[in-house]
Structures are given as C-alpha cells and as structure tokens.
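Okay, structure first, notes after.
The values are calculated or read from the model by the stated rules, or taken from the named source; none is laboratory data. Given the structure is predicted, the values throughout are model-derived calculations rather than measurements. Cβ placement follows ideal geometry from the backbone for every residue including glycine, while neighbour counts extend to all protein chains displayed. Surface areas here come from the heavy atoms of the whole protein model, side chains and all, with no ligands, DNA or RNA. Shrake-Rupley method; radii C 1.70, N 1.55, O 1.52, S 1.80 Å.
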Amino acid sequence: MTTKNFAGGNEALPEDSEMRLYARAYASSQSADALFLKWETAHAHAMLLDELPECVFSDHGLNGRQLAEGARIAARRMALLMAEAPTTLREVLALKVHIYETMGQLEGEVARSHAVIMLEAAMKADAEHLNVVLLPLDQPFGPRQ
C-alpha cells in the first residue's frame, strides 16, 4: 500500500504488485473436479516419492523425502481450496469426504497440519446444509497419530 490513510482516495489503492496478486487469484478459480484431481495427483506423487527418500533429484536440488513433503504441502493446499467453497452438490461433498478420510489416515498428518481439521469443519457444514448425515469412521484418527 502506498499510504496508511484509507480515507485518502486513490492514494489508498493497492500497489501494482498487489493488484497483480488479486488478478491472479481471481483468474485462478477452479472447479471442485479440477481441485480434486490436483489433490489426488499431489497425494499420489507424495506416496511415490516417499519410496525414494534418499534419491537426489538434481534438477530440483532436493531428495525424494523433501519432494514428497512438498507434494503433501501441495495436496493440503488443494484440500483447503476444496474446503473453502461451500457446496450444494452431494457429489462435491463426496469428494471432500474422500479427501478427509484419506488425509486423516496418513500417519502424523494431524500433527503436521490443521488442513484435515479445517476440511472436516467445512465438510460437516456442507452436509448440514444438504441435510446429509455423516457417520464417523470405524476408528478415530487419534490412535493413529
């Protein structure tokens, strides 16, 4: 921002870099299907890269363990984007449930990130609006963490 005077007219408008950020955010809106596919891809890549923890990927300057964590971070971001938008479609709720169940079963996931907890809250709110009753999993996440 160019000034802290919010009542100062045009002087209070965002700077060019901020405007570019807002334009990119607006243009990058994605459908639930696209977000789910990106989540699924990143999740699968994390599992594959976990199988090569010591393999160095010199083009990227990281080993498999590091890139797997990067893929998990990307998957969490896609899950959060899925959670953010309320839905009125049962199919989209089903995608959110799938992500929640999958991520919740990953060892240490709840300790690393609150993404699963945030997705759970969004999923429950969507289910309530859709008059859908969600039944808990057979085993709670707690003992696995």
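With respect to the conditions (1) of a type in the set (S, T, N, Q); (2) touching a residue at least 40 places away in the same chain (Cβ under 8 Å); (3) loosely packed, with under 14 Cβ neighbours inside 10 Å, residue 29 falls short on a single one, namely (2).
Every condition in (1) at pLDDT 95 or above; (2) within 16 Å of the chain's Cα centre (by Cα) is met by residue 124 except one, and the failing one is (2). Screening residue 56 with (1) out of contact with any Lys or Arg (no Cβ under 9 Å at 6 or more places or on another chain); (2) open to solvent by less than 60 Å² (accessible area, probe 1.4 Å); (3) not basic (Lys, Arg) gives one miss only, at (2).
Taking residue 35 and the conditions (1) in contact with a strand residue (DSSP E or B) (Cβ under 8 Å, 6 or more places away or on another chain); (2) among the hydrophobic types (A, V, I, L, M, F, W, C); (3) touching a residue at least 40 places away in the same chain (Cβ under 8 Å), which numbered condition does it fall short on, given that it satisfies the others? Failing condition for residue 35: (1). Annotation note: of 106, 35, 95, 67, the sole residue that is crowded, with 17+ Cβ neighbours inside 10 Å and at pLDDT below 95 is 106. If you take the residues of segment 61-88 that are in a helix (DSSP H, G or I) and either over 16 Å from the mean Cα position of the chain (by Cα) or hydroxyl-bearing (Ser, Thr, Tyr) (or both), which of them is farthest from residue 114 (Cα to Cα)? My answer is 64.
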